[in-house]
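Here the structure comes first, spelled out in structure tokens, and everything after it is commentary.
The values are calculated or read from the model by the stated rules, or taken from the named source; none is laboratory data. A quick note: this is a predicted structure, and the numbers were derived from the prediction, not measured. As a convention, Cβ positions derive from the backbone with ideal geometry for all residues, glycine included, and neighbour counts pool all protein chains shown.
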Amino acid sequence: MPIDKAQQNEAFKFCQIAIENAMLEQSQADVALEYFNNQEGKYKSIEDVVKKFDFIEEKYISHLKTAISRLVRDTDKDEVQIPGYRILSKIGDGGLGTVYKAKQLSMNRNVAMKVLHPKWLSDDEFKQRFLLEARLVGKMSHPNLLQIYDVNQVGQYLYFTMEYIDGVSVEDIVDTEGAIPPLIVINIAIQVIEALDYILQFDVVHRDVKPGNILLAKEGIAKLGDFGFLKSKYDESIQTEGQVLGTPDYIAPEQAMGHDIDFKADLYSLGVTMYHMLVGELPYSGSVSTIIRKHIDEKPEMIDKKLPSIPKSLANIVYKMMEKKASNRHVSFAELKQELIRVKLSDEIQQLEIEEGRAVALEHFISPPNRDSQFVDVSLFKIEKQLLWARIFLLASALGNVILLYYILSKG
């Protein structure tokens, strides 16, 4: 029986922790993972494969298994109960905790609540990273970032609350609709770039830019969230150099190799995210170890070969963002943003979108943002409504371009 994705991810976690604790070499991990992922179930765990190759002494394997168990959420734990809030539903699991939709009773508003997994409360490093995320992001205020409201600990629960977004993630859109029109991709990317450029003022690197962490509000606003893997100079007690943190499908080469990183790692991950949006599929496939190796030394398949309708000018920007050497990528987010704006205003993009004409009938869905209104539960959205919000980005962009053109001509 073939090894499934969940087993591959668990094997990757095991090897990652073994490498970080100097128990395993990267080359040994590559061999073990490749063998495990392709051995049709003869070995039930990566530990058995490591034993087979005699890479780690058996007495240390139990210690590693204990460390891995910290990463497994206890699904049988009691329902979360925190004074002042009512848990409404589970949204998902993040890098360090579980995210819930909750009602803040004092303010009569819905919030997203991130709760650190109780098993990790005794782990100082995980606890510090969780608090670092809340406190750093809580100091920031930007329209393209999720706003943090509060951070606190009540009994076994360490949590923080943030704004709850009425909308869907980019991942939801790609999963349900596939490739996203180039103009919408550019609009989303520009907003994420503005968020990343803003957090850079705080010397923060996100380290986990991906479609699942980009939320689309129904007003046509993209918001970047989940800073569980952030890197900051402000907390030197949490060691990040040499650690492999991030999502394998979107990870930058230097990040995958455990090197010290800067904003260009986020730039790379955004490039992979744009590739995924434009094509409807990831640039690399295979086991976790195979995907990471491809990020390090293999160029992605050409976008215009997969979809000839994608403008070369846009594809070239994505290729530059995904350069293996960080020094070959854009020198700043500002430079990248200007390149995308030039492509957005080009005839190539405008003609493509006019031909597709996918948002003409959706004008009545556009209304001024009402930030005081109560948010609607994302889970109540039907698939059709999820797709409508994606279309709003296209119509908003088209209207914006008409206004810009009128302004330029009137000034001439």
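Couple of notes before you dig in:
- Residues (at pLDDT below 85, over 13 Å from SER289 (Cα atoms) and of a type in the set (S, T, N, Q)) located in the range 12-50: ASN21, GLN39
- Criterion violated by ASP175 - all others in (1) farther than 21 Å from ILE91 by Cα; (2) without any contact (Cβ under 8 Å) to a residue 40 or more places away in the chain; (3) in the same structural domain as LYS223 (by TED's automatic domain parsing) satisfied: (1)
- Residue within the range 74-89 that is at pLDDT 90 or above, closer than 18 Å to MET162 by Cβ and of a type in the set (Phe, Trp, Tyr) present: yes
- Residue satisfying all of: in the range 297-314; surrounded by 15 or more Cβ atoms within 10 Å (Cβ to Cβ) and in contact with a Leu (Cβ under 8 Å, 6 or more places away or on another chain); nearest to GLU281 (Cα to Cα) among these: ILE303
- GLY246 modelled with pLDDT under 80, out of contact with any strand residue (DSSP E or B) (no Cβ under 9 Å at 6 or more places or on another chain) and buried (at least 20 other Cβ atoms within 10 Å of the Cβ): yes
- Residues satisfying the stated conditions in the range 177-229, i.e. small (Gly, Ala, Ser) and assigned to a loop (DSSP other than H, G, I, E, B): GLY178, ALA179, GLY220, GLY225, GLY228
- Residues located in the range 28-63, provided they are of a type in the set (S, T, N, Q) and either touching a residue at least 12 places away in the same chain (Cβ under 8 Å) or in contact with a Phe, Trp or Tyr (Cβ under 6 Å, 6 or more places away or on another chain) (or both): GLN28, ASN37, ASN38, GLN39, SER45
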